[in-house]
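Read the figures in this text as sums done on the coordinates, not as results from a lab. The model shown is predicted, which means the values in this text are computed figures rather than measured ones. Cβ coordinates were reconstructed from backbone atoms using ideal geometry, including for glycine residues, and neighbour counts include every protein chain displayed.
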Amino acid sequence: MSGVRTTPEVERPRVPQAIAAGRVIAIGRRLDPATVPAIGEALLAGGIHAFEITLNSASAFSVISALAARFGPDDLLIGAGTVLDLDQARSAIDAGARFLVMPTTDAAIIEWAAGRDLPAFPGAFSPTEILAGWRAGAAAVKLFPASAVGPSFVRELRGPLPEVPLIPTGGVTLENAPAFITAGALAVGVGSWLTGGGDPGVIRERASAITTALAAADRPK
C-alpha cells in the first residue's frame with residue numbers, strides 16, 4: 001500500500017527550542033509559592049529551560065504569572081500542566097503560560113491551542129491515543145505514565161509512528177531518562193525526582209546531572 005500516510009497534514013505549532021534542544025521539562029506540582037522563584041533560578045542554573053506548573057493547586061495561576069514576569073521565554077519557558085478543560089487552558093495562557101500539557105488526549109484543547117499557535121502536549125498511553133493527539137494538532141505527545149512501559153515502548157513506537165515526537169513523563173529520573181532519549185524520545189518530563197523536595201540547592205544539582213546525562217545520550221554513537 002505505497003503512498004498511504006499514517007497522519008494527514010495539519011497545521012501545528014512547533015515544539016519550543018527550550019524543550020527541543022534542552023530535552024527536559026521540569027514539572028512543579030503543588031510547590032510552595034514562596035519557594036517557586038528560587039526553584040526557577042535553580043533549574044536555570046542547572047541548565048533546564050522549561051518549567052511546567054501543574055494546575056491542581058489553588059495558587060497555580062498566580063505562580064505561573066509570577067514566573068512569567070520574572071523569567072523571559074528565552075531563559076526559562078513557563079507552561080501549564082494538568083490542563084483539563086478549555087477554561088483552564090485560557091486562564092493559563094492569560095497568566096503567562098507558553099505551552100500546555102494535559103494528562104489526557106483532549107482534542108478540543110489541542111485544536112484550540114493549535115489554532116492560536118500554542119504548543120500543546122496531550123497525555124497518551126496507547127498508539128491509538130498517541131496518533132489521535134498528533135492528528136488533532138499536538139506539537140508533541142506526552143507518553144504517560146512512561147514508567148509503566150519504559151524506553152523499549154518508545155523504541156517500538158518509532159517504527160510505525162516515526163513522525164510523532166514523544167515526551168515520556170511519569171516516573172522519569174536520572175537513572176532512566178537517558179534511555180528514553182536514546183530510544184528516540186524528543187524530551188522527558190521530570191517531576192518529583194527533580195522538584196519534589198523543593199530545596200533549590202538539590203534541584204540545581206539534579207538539574208545539572210540530568211541535563212549532562214541527556215546531552216551524552218543525545219550524542220551520535
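Taking 0.36 nm per intervening residue step and subtracting the Cα-Cα distance, what contour gain separates ASP74 from ALA21 on full extension?
Full extension of this stretch gives 17.9 nm more.
In deg cm²/dmol and to the nearest 500, what is the mean residue ellipticity at 222 nm of the chain if only DSSP H runs of at least 4 residues count, each as -39500 (n - 2.57), divided by the residue total?
-11500 deg cm²/dmol, from helical runs alone.
What's the percent breakdown of Cα-Cα distances in the range 108-177 across 10 Å bins, shortest bin first?
In order of increasing distance, the bins hold 22, 51, 24, 3 percent.
Taking N as the number of residues in the range 171-221, what is its Cα Rg relative to 2.2 N^0.38 Å?
For the range 171-221, the normalised Cα radius of gyration comes out at 1.14.
Evaluate the relative contact order of the chain (contact order divided by residue number), counting alpha-carbon pairs under 8 angstrom at least 6 apart; express in whole percent. Could you put the intermediate results ahead of the total?
On the way: 451 pairs, mean separation 51.7, N = 221.
In percent, rounded to a whole number, it is 23.
Per the Kirkwood treatment, what hydrodynamic radius in Å, one decimal, follows for the range 17-215 from the mean inverse distance over all distinct Cα pairs?
16.3 Å
Given +1 on the Cβ of Lys and Arg, -1 on the Cβ of Asp and Glu, and no further charges, what dipole in debye does the range 17-215 carry about its Cα centre, rounded to the nearest 20? The partial results should precede the final answer.
Values: 13 positive and 17 negative charges, 44 e Å.
Once rounded to the nearest 20, the dipole reads 200 debye.
Mind telling me which of PRO119, PRO160, PRO200 comes out most flexible in a GNM of the chain, alpha-carbon contacts under 10 Å?
PRO160
Dimensions of the range 72-153 along principal axes (Cα, Å, largest first)?
Taking max minus min along each principal axis of the Cα atoms, the range 72-153 gives 36, 27, 18 Å.
May I ask you to derive the relative contact order of the range 122-195, considering only C-alpha pairs under 8 Å and at least 6 residues apart, and to give it as an integer percent? Spell out each step's value before the answer.
Values: 112 pairs, mean separation 21.0, N = 74.
Computed value for the range 122-195: 28 percent relative contact order.
Hey, in the GNM for the chain with a 10 angstrom Cα cutoff, which one of GLU52, GLU41, GLU156 fluctuates hardest?
Between GLU52, GLU41, GLU156, it is GLU156 that shows the largest mean-square fluctuation.
Please identify, among ASP87, ASP199, ASP75, the residue showing maximal mean-square fluctuation in a Gaussian network model of the chain using a 10 angstrom Cα cutoff.
The residue with the greatest mean-square fluctuation here is ASP87.
Can you give me the C-alpha center-to-center distance between the range 142-221 and the range 14-68, rounded to a whole angstrom?
If we compute the Cα centre of each part, the gap is 16 Å.
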